[in-house]
Amino acid sequence: MADLEPAKLTKMQTFMAENSVKPQNENNPIMAHKFGADPAVLVYNDTVYIYATNDMQQVESNEGKEDNRYNKITSLTLFSSKDLVNWTDLGVIHVAGSNGGKGDAKWANNSWAPAIACKKINGKDKFFLYFADSGNGIGVVTADSPEGPFVDPIKKALISRDVPTCREINWLFDPAVIVDDDGKGYLYFGGGHDPEKYEHPKTARCVALGDDMISIVGTPQVIDAPFLFEDSGIHKMGKTYYYTYCSNFADRAPSCDKDKMPTGVICYMTSENPLGPFEYKGYTLENPGTYFGPGGNNHHWIFNFKNKWYIAYHTQTLEKTVNLEKGGYRAVFLTEFAVNADGSFPIQNATREGIEQVGTFSPYGKIPAATFHSSRNVAVSANQTIVAVKDGAYVCIKGVNFAGGASSIELNCVPGAKKGCVKVCIDSAENGTVLGEASLEKAYAEGKLNAVSGIHDLFIVLAEGTELVDWKIK
């Protein structure tokens, strides 16, 4: 990090820094400085990782002047958190290697809608990231770390239209994956419908994965998901497997099920077997438009973290917040996932306020600068540094626990970037208590802090042009 050159921000990075707003009392979207969609969640070593379709790449390609057509997306974006309200921007995972992409999957033109799994192979944890190459195949890349680097182990699609039962699928995309208690893996995918087959399109599939997680065993089985549109999901509660998906947008008027299945909602089916057959039970998450106004498609991932269930999904609220010229660009939301005593799912309560913080945030030890709950006039560079685009820019870290006190803050900035003053406040950036200041005359600075204890929201306030790599409170 010490050898970094000052960041050259793109027009859209600066635009998002200046226009995104996320109040202290709102935890959604999880990050408001960039777009991301179709969240896939991995819980590993007390950390939650969210992999998302990199809608920001599409925004950068047209500066928000065109609707999202997804055709330029060859990478995924990655975030992590230990408390579900403060997130670290871990940057971009390059996946597709064609269509201008920089990833190792040279055969792929796009990377959409990821699915992620971890499995111990030969005594070592391996990570498997499945992705959709547009609507024409499912690929897999692997890594030894949840953050990558990811490489393509088979140099071709794992699921193509040459696979039995897959040729007739309208959209060969949107994978979901589960590693069962016995270590066996299963893959789910598919979507779309012909005009006359919208009630029972039969375009979802499930198949067992090989022990290596990069091959399939047997023939993909049909899941008869009523009114299927897209977005396969899979999770297990107790001994029951839940297949979840987004319903389609066909006119319900001719259907006898028109009152049971709204458009664009997350539906669920259950089975005692990971490969089904699955039985339809109902729907559980309304379309984002019902909750927030802006609608669009629905895409989700249900997961358990520290003995609570959550659902990650996306909305199109952020594009409205920043007043983007065109639309279809998504951002990730989280909400607690309610489950009835009998294992059925009620309609979920999705809000901008989102979920409660899980525990508190420890400021001790090196903290990447691109870790925050919210920000103002701060851009995150391609190197995951933060850059102040105006004086008084700040990042807010929520629920910081000062149980160990505080005497100073150490700051590591990019040599050559504009130097300025960094102010440390609690509770508010504008009128909160100032703990101290540090002058960034060199690449490293240390500022003394006034005594503080308890739990507070922490604000690091930056002068224009300041570029911060990381920080640590002592």
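Just a few scattered comments:
- All positions within the range 88-137 that are on the phi > 0 side of the Ramachandran plot and open to solvent by less than 10 Å² (accessible area, probe 1.4 Å): G91, A113, G137
- Only one entry of P164, P146 meets the criterion of being touching a Cys at 6+ places or on another chain (Cβ under 8 Å) and part of a loop (DSSP other than H, G, I, E, B), and that entry is P146.
- Residue in the range 32-43 that is modelled with pLDDT of 95 or more, more than 11 Å from the chain's Cα centre (by Cα), open to solvent by 50 Å² or more (accessible area, probe 1.4 Å) and closer than 16 Å to P114 by Cα present: yes
- Residue within the range 260-268 that is touching an Asp or Glu at 6+ places or on another chain (Cβ under 7 Å), in a strand (DSSP E or B) and crowded, with 16+ Cβ neighbours inside 10 Å present: no
- Annotation: of all residues in the range 428-474 being charged (D, E, K, R) and farther than 14 Å from S407 by Cα, the one that is least open to solvent (accessible area, probe 1.4 Å) is E467.
- Filter pass, K156 being of a type in the set (K, R) and more than 19 Å from F189 (Cβ to Cβ): no
- Any hit, the range 371-386, residues being more than 28 Å from D3 (Cβ to Cβ), touching a helix residue (DSSP H, G or I) at 6+ places or on another chain (Cβ under 9 Å), among the charged types (D, E, K, R) and open to solvent by 10 Å² or more (accessible area, probe 1.4 Å): yes
- Which numbered condition V85 fails, given (1) farther than 23 Å from C166 by Cα; (2) in a strand (DSSP E or B); (3) open to solvent by less than 30 Å² (accessible area, probe 1.4 Å): (2)
- Only listed residue being surrounded by 20 or more Cβ atoms within 10 Å (Cβ to Cβ), touching a strand residue (DSSP E or B) at 6+ places or on another chain (Cβ under 8 Å) and modelled with pLDDT of 95 or more, chosen from G218, G190: G190
- Condition check for E66: open to solvent by 10 Å² or more (accessible area, probe 1.4 Å), part of a helix (DSSP H, G or I) and at pLDDT 95 or above: no
- So D144, is it under 22 Å from L90 (Cβ atoms) and open to solvent by 20 Å² or more (accessible area, probe 1.4 Å): yes
- Failed criterion for I73 (all others in (1) under 17 Å from S381 (Cβ atoms); (2) crowded, with 24+ Cβ neighbours inside 10 Å; (3) touching a strand residue (DSSP E or B) at 6+ places or on another chain (Cβ under 9 Å) hold): (1)
- Residues of the range 322-356 that turn out to be open to solvent by less than 60 Å² (accessible area, probe 1.4 Å) and closer than 28 Å to G296 by Cβ, as a count: 22
- Being touching a Lys or Arg at 6+ places or on another chain (Cβ under 9 Å) and surrounded by fewer than 23 Cβ atoms within 10 Å (Cβ to Cβ) holds for only one residue in P368, P415, and it is P415.
- Test: T240 is surrounded by fewer than 16 Cβ atoms within 10 Å (Cβ to Cβ) and on the phi > 0 side of the Ramachandran plot: no
- Condition check for G183: within 26 Å of G238 (Cα to Cα), in contact (Cβ under 8 Å) with a residue 24 or more places away in the chain, in a loop (DSSP other than H, G, I, E, B) and not aliphatic (A, V, I, L, M): yes
- Check on C421, farther than 17 Å from L9 by Cβ and open to solvent by less than 20 Å² (accessible area, probe 1.4 Å): no
- Total residues in the range 288-327 satisfying the condition of being under 18 Å from the mean Cα position of the chain (by Cα) and polar (S, T, N, Q): the figure is 6.
The values are calculated or read from the model by the stated rules, or taken from the named source; none is laboratory data. All figures in this text were calculated on a predicted structure; none of them were measured in a lab. FYI the Cβ positions are ideal-geometry reconstructions off the backbone, even for glycines, and counts take in every protein chain you see. With ligands, DNA and RNA removed, areas are computed over all heavy atoms of the protein, side chains included. Shrake-Rupley method; radii C 1.70, N 1.55, O 1.52, S 1.80 Å.
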